[in-house]
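See structure below.
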Amino acid sequence: MNIILFGPPGAGKGTQAKYLVRKLDGFQVSTGEMLRDEIKRDTKIGKKIINDMNEGKFVNDDIVNNLIKNVISDPQKKSKLIFDGYPRSLSQAKNLDLLLDSSNQKLDFIFFLNVDKDLIIKRIEKRKILEKRSDDDLDTILKRYDTYMKTTRPVLDFYSKNPNFHVIDGTLEIDEITKKIDSFIKV
Ligand code: AMP
């Protein structure tokens with residue numbers, strides 16, 4: 001089963017992705033975590049992206065699409081992918097369709113975690129204390145939210161026509177969100 005968790009930064013995509021990974025014995029595909037790992041390991045990619053990441057800007061599509069390609073074509077992970085933070089633009093969504101098609105895979109669910117800006121700011125400020133992410137300060141949160149509204153949210157039009165698309169109230173408590181997601185997944 002392949003699932004996309006879609007929504008603004010701070011919507012709870014990572015938390016629900018980790019739950020789904022446990023439930024479905026799947027693999028979390030978090031481009032944000034993959035990119036942070038490149039920075040931590042101080043790789044060539046890490047050096048290229050560190051400024052954009054810290055400023056809350058998008059990382060170049062070619063870099064992100066390449067990371068994704070390796071995961072999707074991995075036979076061990078086939079039809080066990082839980083996407084969190086990808087796709088984030090229309091071109092990434094189209095790229096994902098092509099990659100899934102070419103490896104004979106499909107999207108089983110697209111869950112949109114719907115949360116408003118005020119709650120996002122509160123959640124990310126809390127996360128900053130727990131995870132100490134350098135892109136979680138208020139200025140960067142606001143920039144990331146703007147980028148989300150401009151570039152990522154329009155991807156909803158692309159997915160909302162898909163019969164596997166579901167809107168989930170992301171303002172609920174973590175367990176409640178999990179229950180709503182679970183109600184769609186019959187395993
Ligand atoms: P996240 O952990 O999903 O909140 O992502 C953290 C940061 O990583 C974002 O603010 C972007 O700078 C970068 N990033 C993550 N995923 C993508 C993506 N799909 N496309 C471009 N940049 C991304």
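In a GNM of the chain with a 10 Å cut-off on Cα contacts, which of Ile121, Ile141, Ile45 has the highest mean-square fluctuation?
Ile45
Stretch Asp169-Asp116 to full length: gain in nm at 0.36 nm per residue minus the Cα-Cα span?
Working: separation 53, 0.36 × 53 = 19.08 nm, distance 1.01 nm.
Roughly 18.1 nm would be gained on extension.
Per residue, how much space in cubic angstrom lies within the convex hull of the C-alpha atoms of the chain? Before the final figure, lay out each step's value.
On the way: hull volume 21.9 nm³, N = 187.
Here the figure is 117 Å³ per residue.
Using amide H atoms built 1.01 Å from N in the peptide plane, name the residues 5+ places from Phe165, or on other chains, whose amide H lies under 5 Å from its own.
Answer set, sorted by chain and number: Ile110.
Quick one: of Lys161/Lys186; Lys94/Lys150; Lys40/Lys128; Lys57/Lys117, which pairs are farther than 20 Å apart, Cα to Cα?
Distance filter (> 20 Å) returns Lys161/Lys186.
Using θ = phi - 60° and the Karplus curve 6.51 cos²θ - 1.76 cosθ + 1.60, what whole-Hz ³J(HN,Hα) does each residue of segment 109-118 get, with Gly and Pro shown as x?
9, 10, 9, 9, 8, 8, 9, 8, 4, 4
Once you have the alpha carbon radius of gyration of segment 8-78, what is it after dividing by 2.2 N^0.38 Å, with N set to its residue count? Can you show the working numbers first?
Details: Rg = 13.3 Å, N = 71, 2.2 N^0.38 = 11.1 Å.
Dividing the Cα Rg of segment 8-78 by 2.2 N^0.38 Å gives 1.20.
Compute the accessible area per residue over segment 3-178, keeping the other protein chains in place, probe 1.4 Å, unit Å².
It amounts to 53 Å² per residue over segment 3-178.
In whole Å, what is the distance between the alpha-carbon centres of segment 1-69 and segment 90-159?
10
Going by average Cβ neighbours within 10 Å, how do the peptides 59-70, 23-34 rank, with the highest at the top?
Listed from highest to lowest mean packing, they are 23-34, 59-70.
Considering the dipole of segment 3-178 built from charges on the beta carbon (Lys and Arg +1, Asp and Glu -1) around the Cα centre, which of Ile63, Gly12, Ser160 is farthest to its positive end?
Ile63
On the accessible surface of the chain, probed at 1.4 Å, how many percent belong to carbon and sulfur atoms? Walk me through the intermediate numbers first.
On the way: 5230 of 10180 Å².
C and S fraction of accessible area: 51 percent.
So what is the relative contact order of segment 76-143, in percent, for Cα pairs below 8 Å that sit 6 or more residues apart?
On the way: 23 pairs, mean separation 12.0, N = 68.
With pairs under 8 Å counted, the relative contact order is 18 percent.
Amide H to amide H, which residues 5 or more places from Ser30 or on other chains are under 5 Å from it, using H placed in the peptide plane?
Under 5 Å from the amide H of Ser30 lie the amide H atoms of Asp84, each far enough along the sequence or on another chain.
Can you compute 3J(HN,Hα) from phi for each residue in segment 58-65, using the Karplus curve 6.51 cos²θ - 1.76 cosθ + 1.60 with θ = phi - 60°, rounded to whole Hz and x for Gly and Pro?
5, 7, 3, 3, 4, 5, 5, 4
Past 26 Å, Cα to Cα, is the threshold; run Lys80/Lys126; Lys23/Lys180; Lys47/Lys126; Lys48/Lys143; Lys13/Lys132; Lys106/Lys132 against it and keep the listed order.
Those over the limit are Lys80/Lys126; Lys47/Lys126; Lys106/Lys132.
Enumerate the calculated ³J(HN,Hα) couplings along segment 135-140 in order (Karplus 6.51 cos²θ - 1.76 cosθ + 1.60, θ = phi - 60°), each rounded to whole Hz, writing x wherever the residue is Gly or Pro.
Each residue's phi maps through the Karplus curve to give 9, 9, 7, 4, 4, 6 Hz.
Please compute the modelled spin-label separation between Asp139 and Lys57, points set 7 Å along Cα→Cβ, answer in nm with one decimal.
The answer from the label model is 1.4 nm.
Can you tell me the relative contact order of the chain? Whole percent, Cα pairs under 8 Å, sequence separation 6 or more.
33
The values are calculated or read from the model by the stated rules, or taken from the named source; none is laboratory data. None of these values were measured; they are calculated from a predicted model. Methodologically, a virtual Cβ is constructed for each residue, glycine included, from the backbone with ideal geometry; neighbour enumeration extends over all protein chains shown. Heads up: the accessible areas ignore ligands, DNA and RNA and are worked out on the full protein's heavy atoms, side chains in. Shrake-Rupley method; radii C 1.70, N 1.55, O 1.52, S 1.80 Å.
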